[in-house]
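What follows is a set of notes on a single structure, which appears directly below.
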Amino acid sequence: MSIEALINEHYDHLNENDQYISQYIINHEEECKRLSITQLAEATMTSKSSILRFTQKLGFSGYSEFKYTLKQQNTYRKEESSFVAMQQEDLLQTAKLFNQQNITPLCKLSIKRNQFIAMALVGDKEMFYKTLCVALFHCNVFLYIYNHKKS
């Protein structure tokens, strides 16, 4: 979980001083990764004790663990961003491949036999299913997609 998410989660339990510290950290994230507890206290015009209590309110054992998490969150963001980009590229390639296929015979066969096509939308394949809907629409077949998102 990101530091900002932790701050939002615990915001109701933060006093005015903690809120100021949290705002400083959010606005100066890169700088804070290099600051010692003393330097952060000076930058926020608070004490080392205030910084320590703030990090503990967020669930950290101390400033070192807080600072480590702050440094690591960029690594997680890059990995997450890379994974999402890879999924998007896979979906685009699947959609391109799907668009290259002639599904008219399938549509006609389905209509002749009074069959229907049912699909459930699961995961991040929404783009693929929308492409399928458009392709079927051009064959005069209407498709209802049930969108079941996991909570």
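Out of the stretch 17-58, which residues are among the acidic types (Asp, Glu), open to solvent by 30 Å² or more (accessible area, probe 1.4 Å) and at pLDDT below 95?
Across the stretch 17-58, the qualifying residues are Glu29, Glu30, Glu31.
On the basis of being touching a residue at least 60 places away in the same chain (Cβ under 8 Å) and surrounded by 13 or more Cβ atoms within 10 Å (Cβ to Cβ), does Thr69 make the cut?
yes
The values are calculated or read from the model by the stated rules, or taken from the named source; none is laboratory data. It should be emphasised that the depicted structure is a prediction, and the values quoted were computed from it without experimental measurement. Virtual Cβ from ideal backbone geometry, glycine too; neighbours counted across all protein chains shown. Only protein heavy atoms, including side chains, enter the accessible area calculation; ligands, DNA and RNA are left aside. Shrake-Rupley method; radii C 1.70, N 1.55, O 1.52, S 1.80 Å.
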